[in-house]
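We did not get these values from a lab; they are worked out from the coordinates using the rules stated. Because the structure is predicted, anything quoted here is derived from the model rather than measured. Cβ atoms come from the backbone with ideal geometry, glycine included; neighbour counts cover every protein chain shown.
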Amino acid sequence: MSKKIVRPAEYQIWAQMKARCSNQRHPKFTLYGARGIKVCDRWSKFESFIEDMGPRPSAEYSIDRIDVDGNYEPRNCRWATPKEQNRNKRSNRFLTYQGQTLTVQGWSDQLGFSRGKLRQRLERGWDIERALTTP
């Protein structure tokens, strides 16, 4: 009878991170490895990865690259919630107004109206100031 090896959730996250970047058959390879995203040499060992990242704060968190075009490496990775990850996507639209840059969702949260309303205004050709300041 063989013993089943129980690995922490961080191990699966680490293994999937490596696979996305190096295994051409991985379903998400085109979004990672094919774009040139790599895993740093130090993180070829799980022990080094967990030493740098630490345990994830809770099951809600997953690994996130701060620079979405950067590699998986200590200075570019963090544990992030789904909300944080959604605000850090290549597809996000960023708006700068009065020296502050936020995503459309960030401005919507800050101003208290729906993202859909703000997006609709921008799609209709409103300038950023009008879209953000009209009640």
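Overview of results
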quantity: Qualifying positions in the range 16-30 - exposed (fewer than 13 other Cβ atoms within 10 Å of the Cβ) and assigned to a helix (DSSP H, G or I); calculated: Thr30
quantity: Lone qualifier among Gln105, Gln85 - being touching a helix residue (DSSP H, G or I) at 6+ places or on another chain (Cβ under 7 Å), assigned to a helix (DSSP H, G or I), in contact (Cβ under 8 Å) with a residue 12 or more places away in the chain and closer than 30 Å to Glu129 by Cβ; calculated: Gln105
quantity: Unique residue being without any contact (Cβ under 8 Å) to a residue 12 or more places away in the chain, in a loop (DSSP other than H, G, I, E, B), among the hydroxyl-bearing types (Ser, Thr, Tyr) and closer than 26 Å to Trp14 by Cβ when the list is Ser58, Ser48; calculated: Ser58
quantity: Residues being in a helix (DSSP H, G or I) and loosely packed, with under 15 Cβ neighbours inside 10 Å - total across the range 112-135; calculated: 8
quantity: Scope the range 86-99; condition farther than 18 Å from Ile66 by Cα and surrounded by 11 or more Cβ atoms within 10 Å (Cβ to Cβ); matching residues; calculated: Leu95, Tyr97
quantity: Residue satisfying condition, being farther than 21 Å from Arg7 by Cβ and of a type in the set (Lys, Arg), within set Arg93, Arg42, Arg56, Arg20; calculated: Arg93
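For every residue, the table says whether it meets (1) out of contact with any helix residue (DSSP H, G or I) (no Cβ under 8 Å at 6 or more places or on another chain); (2) within 30 Å of Thr133 (Cβ to Cβ); (3) of a type outside the set (Lys, Arg).
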position: Trp14; (1), (2), (3): no, no, yes
position: Thr30; (1), (2), (3): yes, no, yes
position: Ser48; (1), (2), (3): no, no, yes
position: Ser62; (1), (2), (3): no, no, yes
position: Ile66; (1), (2), (3): no, no, yes
position: Asp69; (1), (2), (3): no, no, yes
position: Asn92; (1), (2), (3): no, yes, yes
